[in-house]
Amino acid sequence: MESKWRIRQAEEPEVELYLKWADREGWVMRPEITRGFYKEFPYGWFICELISDSSKTSRDQKPTISNERTSNKAIGVLHCVKYRSNVGFIGFFVVDPEHRGQGFGQKMFQYVVEDYLFAENGGGPEAKAVGLFAMKDAVPFYMRHGFQKEEETVRFLGKVRKESLVMGSKLDGSLNTQVTGKVEIIRINNQYDVHYLNYFIRIESDLEEVVLMDEKYNLTFRPGLWRNWIEGERKSLEKKDNSCSSVLYRDVNGRLAGMGMLGGVTRQGLYLLRLGPVYAESFEIFKAVVTQLLIKATCFSKEDSVVIFVDLLVGNKEACDWYEKTLGLEKTLTTIYMWKGDSSIIFARDILNKTYALAALDFP
């Protein structure tokens, strides 16, 4: 008998299903960030489910969206988002292993791309371009849906030891550091005052600039996510751990010139630190951002080293070389950045070359 199925929008409690499936697949997702993402962007969360009522949609028919939560069996989940820049991203897309190869994922993906992302609806206006990160063996699937290969990304993973981060002296001899209360001031070639704040995003003064820098380099307007990060960093500071930390860099005129984030995640029982996003107006600022993030991470660690990973576009060769040769990280994963629509919106070199770590592959 042919299975009957439908697609519906997920409700907030069902975000836990996404987290459960992500863990099963070995993906690295921060629960608090995922939950916060739903609160800010409640549209774009889809569940494909088997249904018993024969009057519902069959696999060969065009599905319709339902908001009705049921007890039917979920066989696929997909998360996507549309930003005000008219750019859409597909982050989390998984079909239950027992139901792969039966066409469910194909129909689900096609429906979301054509009838949600490239259409005007409750989630926002029609996207002009849609991007995603694909494993190499999945590239043919996405190409059948009109996506094209644009850039490769690489994941670096490895241990960073405390002794290599003593005030940045070993990593970069050009950094001169002094500590003043909770603010650490660093001079890079006597041109920049760099401010390191334990609890850096002050809602009344910093949040707007951080949100706009994120949108400038990633085309993602998401103030709710950064408010959520503030709360996470506050809790991390109270606990004196390295689960959530940030660095803001301003030039001598007080203008934001770089920013970086480092957050703890657990993958299959192993605690890791995800680096990203990191944006900087120069390679020197980038090095200082990452160095200071790692100094803080190791200071709060009970071990003599921390395990970090970072995803990066291979086109930023200078940064790739620094992660590999200076930090000693190893290449562990390669994905393909794919786009459908006007990819020139984001693939401008002056933007990409100032992105030194991607936010994530599951929530771009």
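The values are calculated or read from the model by the stated rules, or taken from the named source; none is laboratory data. Here the structure is a predicted model, which means the values were calculated and not measured. Quick reminder, even Gly has a Cβ in these numbers, built from the backbone with ideal geometry, and neighbours come from all protein chains shown.
A few notes on this one:
- Once region 1-59 is narrowed to residues that are surrounded by 16 or more Cβ atoms within 10 Å (Cβ to Cβ), more than 30 Å from G263 (Cα to Cα) and aliphatic (A, V, I, L, M), the residue that is modelled with the lowest pLDDT is I51.
- Residue match in region 61-75 (condition: more than 24 Å from G146 (Cα to Cα), at pLDDT below 90 and buried (at least 18 other Cβ atoms within 10 Å of the Cβ)): yes
- Output for region 278-315, where each listed residue is among the hydrophobic types (A, V, I, L, M, F, W, C), assigned to a helix (DSSP H, G or I), in contact (Cβ under 8 Å) with a residue 60 or more places away in the chain and in contact with a Gly (Cβ under 8 Å, 6 or more places away or on another chain): I285, F286, A288, V289, V290, I295
- Counting only strands (runs of 3 or more DSSP E) that sit wholly inside region 192-277, those with at least 2 residues that are modelled with pLDDT of 75 or more are 244-250, 256-267.
- So V247, is it within 16 Å of Y323 (Cβ to Cβ) and either in contact with a Phe, Trp or Tyr (Cβ under 8 Å, 6 or more places away or on another chain) or not assigned by TED's automatic domain parsing to the domain that holds E32 (or both): no
- Cross-chain or 6+ apart pairs with Cβ under 9 Å, region 245-260 first and touching a residue at least 12 places away in the same chain (Cβ under 8 Å), then part of a loop (DSSP other than H, G, I, E, B) and among the small types (G, A, S): A257/S282; G258/S282
- For E318: the one exception among (1) touching a residue at least 12 places away in the same chain (Cβ under 8 Å); (2) under 28 Å from G269 (Cα atoms); (3) surrounded by fewer than 16 Cβ atoms within 10 Å (Cβ to Cβ): (2)
- All of (1) within 26 Å of R84 (Cα to Cα); (2) surrounded by fewer than 21 Cβ atoms within 10 Å (Cβ to Cβ); (3) among the aliphatic types (A, V, I, L, M) hold for L248 with one exception: (2).
- Lone unmet requirement of (1) crowded, with 17+ Cβ neighbours inside 10 Å; (2) in contact with a helix residue (DSSP H, G or I) (Cβ under 9 Å, 6 or more places away or on another chain) for R255: (1)
- The lone exception for K296 - which of (1) crowded, with 18+ Cβ neighbours inside 10 Å; (2) within 19 Å of the chain's Cα centre (by Cα); (3) at pLDDT below 85 it fails: (2)
- Checked against (1) touching a Phe, Trp or Tyr at 6+ places or on another chain (Cβ under 9 Å); (2) surrounded by fewer than 17 Cβ atoms within 10 Å (Cβ to Cβ); (3) of a type in the set (G, A, S), G269 passes all but a single condition, namely (1).
- Pair list, Cβ < 6 Å and 6+ apart or interchain, from region 121-133 residues that are over 10 Å from S85 (Cβ atoms) to residues that are crowded, with 19+ Cβ neighbours inside 10 Å and among the β-branched types (V, I, T): L132/I90; F133/T335
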